[in-house]
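The values are calculated or read from the model by the stated rules, or taken from the named source; none is laboratory data. It should be emphasised that the depicted structure is a prediction, and the values quoted were computed from it without experimental measurement. Here the Cβ positions follow ideal geometry from the backbone for every residue, glycine too, while neighbour counts run over all protein chains shown. In case anyone asks, the SASA skips ligands and DNA or RNA and just uses the protein heavy atoms, side chains included. Shrake-Rupley method; radii C 1.70, N 1.55, O 1.52, S 1.80 Å.
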Amino acid sequence: MSSRILAGRYELIEKIGDGGMAVVYKARCRLLNRFVAIKILKPEFTKDVKIIESFRRESQSAASLSHPNIVNIYDVGREGNIHYIVMELIEGYILSDLIKEKGALEWRRAVEIAKQMATALSVAHKNNIIHRDVKPHNILITKTGTAKITDFGIAKAMDQGPATENTGTVMGSVHYFSPEQARGGYVDEKSDIYSLGIVLFEMLTGKVPFDGENPVQVALKHINEEMPAPRSINPSIPESLEKVVLKATDKFQINRYATADEMLKALEDVEFDELLGNRKKEEAAAVAEASAPAGEETAEEKSHVHKKEKGSAGGNKGGNLKIKILAVLLAFIVAIPLSLGIVKVFGAVFGGGGGSAKEFEVPDFRGMTYEQAQVMAEEFDLQIEKGDEVFSYDYGEGEISSQIPEHGTSVKKGKTVTVNISKGMKEGTVPKIEGLTFDSAVHMITKYNFNVGTVTTQPSSLPKDIVISQSPEEGSEATPGSYISFVVSAGTQENEAILPLLVGMTVDDARIALEQANLSLGEITYEMNENVPVNEVLWQQYPAETTLEALSAVNIKVSSGNEYIANDLTLYIDYAAAEDSVFWLTVTVSDEEGAHNIITREQRIKEDIGENVVLSGTGIGTVTVIFNNDVVLKHDVDFNTGEIIQ
């Protein structure tokens, strides 16, 4: 593609990656004169406020980390409808590609990579950041052999997007899910340790421990099946290293390494023990050689000669390792409008839209120059002509800002599309700085010939130093040189969480948003509402931006459309009453039809804190909760009204 400048400083050079959610470009930062990688969210995701907000929150959390084994995030921003994240450019290869091409790695190389990842996770965990998606696809190896982890929290953000585009990416992570992730339990740093253990298993054996026909099967195996021993697949693995893998991937969080530092120490001990063992073997061989009769070969020398002769006949089976040079898979964002146009047009032309082959959808020319649009129009037998020159807040000077017919409209070949060309933003128009970092906001203000006004801070669910609001508002008229004031997020205090806006989200999105805010989903009730889509949140227990105690449960009310849904009861079970760290849970409901178990002696971990259990029944009855053999809770329930009588 031809050069395009973002934020007045990032010159896009070439596309180096294309995923389900975003496109990655190699770019040059004109301000600092260095190459960077810029990930741009594809247009089809730019209208989803939840995805954008989640991306900003996650990327800003990762931006607070600075470590040689973590891909650095330099900037996050938006220009028009283009959302982007600027990151360190890594020229090397992805660990998943290396395993795919080479198979099992030599155990010392696998340990070295695992040590670097443990070090990176240790830094993240000490900054209260859980990665949640540790896998070979998110581990980059530089040309010098340094391992770097990327995409902190990205998969969580992706889960909120349309399932059709990124299902493969998200589902792939299930091979590295911890059992608590698979069952929707409490996720902490030990979940990352489990995933790192799975990555180490794959590096040592060339395969994942659990696989299946679908993600559900794989998730159930993580929960129920024993971890296979790595040495049963690759006997050359040291026994001490196998023990590290099995401890890191224990089903119960309490039995794993307590911290990433503890796992790092265990890996270092494996290296030391093996080095010590090899030295003892060498010393023993030297003694044997010294005591052997003159002119007689030792057994070890004979073995060495035999291996050498056998090796010379077989040749080099491994060959030269051909590794792709790939660049960074970054944190997750907006793409140039060209992508959406191409996707839609090809989808229609080749049967994706199910319509007539003689008609197709008009591509999105916005953001292109007139010359680029001419080339695109010619490819699809469209005519194109210039319309008016207009001021535009969203598009730079010389870029197409609007078109008739609009993109997505079905037309026949030969149709003329009229495009309006942007003259840039009118002087005196206030730029948008909400959602930018403090530094990016200052840059944007000065770029458009304004001055920085009063800057204040306040607690917010947004990461620290992100602009919450501005005055004057974006798009308003103001005299050049006047002041723009803004409010910056101070983040949250320890053990506090700020409730996000849940109304308008689906239940699944609300659950994810709460988890990301360090909160949990409480009781769910349904209400008929023909004007609101089914499964969309109508009400939340507290207003958005309310400060709550971390891990608090938040109740919501959800639309059932035009159908009445009998409200199942949701009971929160607190594990605090458990006497043992691992215990058996039984939940029994007695109603008008008799007694039945909701949960029958399932193992739980006290450290998981608690869980929500959905109760079903008819009429009026009781619910009983048993830990091991002790009744810890008993309530009356009314399934007619959806009420639990405490």
Are any of the residues in the range 475-483 in contact with a Lys or Arg (Cβ under 9 Å, 6 or more places away or on another chain), of a type in the set (Asp, Glu), in a strand (DSSP E or B) and at pLDDT 85 or above?
-> yes
Here is a list of conditions, (1) more than 23 Å from Ile38 (Cα to Cα); (2) at pLDDT below 85; (3) assigned to a helix (DSSP H, G or I), and Asn128 meets all of them except one; can you say which number that is?
-> (3)
Number of the condition not met by Gly347 [criteria: (1) of a type in the set (Gly, Ala, Ser); (2) at pLDDT below 50; (3) assigned to a loop (DSSP other than H, G, I, E, B)] = (3)
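Here's the yes/no breakdown for (1) open to solvent by 30 Å² or more (accessible area, probe 1.4 Å); (2) of a type outside the set (A, V, I, L, M):
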| site | (1), (2) |
| --- | --- |
| Ser401 | no, yes |
| Pro405 | no, yes |
| Ile421 | no, no |
| Val467 | no, no |
| Ser476 | yes, yes |
Quick one: which of Thr624, Thr618 is farther than 20 Å from Lys251 by Cβ, in contact (Cβ under 8 Å) with a residue 24 or more places away in the chain and in a strand (DSSP E or B)?
-> Thr624
Kindly indicate which of Asp381, Asp388, Asp439 is open to solvent by 50 Å² or more (accessible area, probe 1.4 Å) and either part of a strand (DSSP E or B) or aliphatic (A, V, I, L, M) (or both).
-> Asp388
First in the range 85-105 and open to solvent by 30 Å² or more (accessible area, probe 1.4 Å), second anywhere and assigned to a strand (DSSP E or B), Cβ under 6 Å, 6 or more apart | Leu89/Phe35; Leu89/Val36; Leu89/Ala37; Tyr93/Ile141; Tyr93/Leu326
Looking at the range 478-500, is at least one residue aliphatic (A, V, I, L, M), open to solvent by less than 70 Å² (accessible area, probe 1.4 Å) and touching a residue at least 60 places away in the same chain (Cβ under 8 Å)?
-> no
Where a residue in the range 369-388 is touching a residue at least 24 places away in the same chain (Cβ under 8 Å) and more than 10 Å from Thr418 (Cβ to Cβ) and its partner, wherever it lies, is among the polar types (S, T, N, Q) and surrounded by 19 or more Cβ atoms within 10 Å (Cβ to Cβ), with Cβ under 9 Å and at least six apart | Ala373/Gln403
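A quick yes/no check of all residues on (1) modelled with pLDDT of 85 or more; (2) in a strand (DSSP E or B):
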position: Thr457; (1), (2): yes, yes
position: Ser460; (1), (2): no, no
position: Pro463; (1), (2): no, no
position: Ile468; (1), (2): yes, yes
position: Ser485; (1), (2): yes, yes
position: Glu494; (1), (2): no, no
position: Leu501; (1), (2): yes, no
position: Gly504; (1), (2): yes, no
position: Leu521; (1), (2): yes, yes
Do we have any residue at all in the range 600-623 that's of a type in the set (Asp, Glu) and more than 32 Å from the chain's Cα centre (by Cα)?
-> no
Within the bounds of the range 586-601, is there any residue that is loosely packed, with under 13 Cβ neighbours inside 10 Å and either within 23 Å of Asn555 (Cα to Cα) or touching a helix residue (DSSP H, G or I) at 6+ places or on another chain (Cβ under 8 Å) (or both)?
-> no
Name the strands (runs of 3 or more DSSP E) wholly within the range 535-613 that hold at least 1 residues that are under 27 Å from Glu180 (Cβ atoms), modelled with pLDDT of 90 or more and not charged (D, E, K, R)?
-> 537-540, 553-559, 569-574, 582-591, 594-605
Given Leu551, Leu514, which one is open to solvent by less than 60 Å² (accessible area, probe 1.4 Å) and touching a strand residue (DSSP E or B) at 6+ places or on another chain (Cβ under 8 Å)?
-> Leu514
Given (1) more than 25 Å from Pro431 (Cα to Cα); (2) at pLDDT 90 or above; (3) not polar (S, T, N, Q), number of the condition Pro472 does not satisfy = (1)
Can you name every residue in the range 630-646 that is under 40 Å from the mean Cα position of the chain (by Cα) and in a loop (DSSP other than H, G, I, E, B)?
-> Phe639, Thr641, Gly642, Gln646
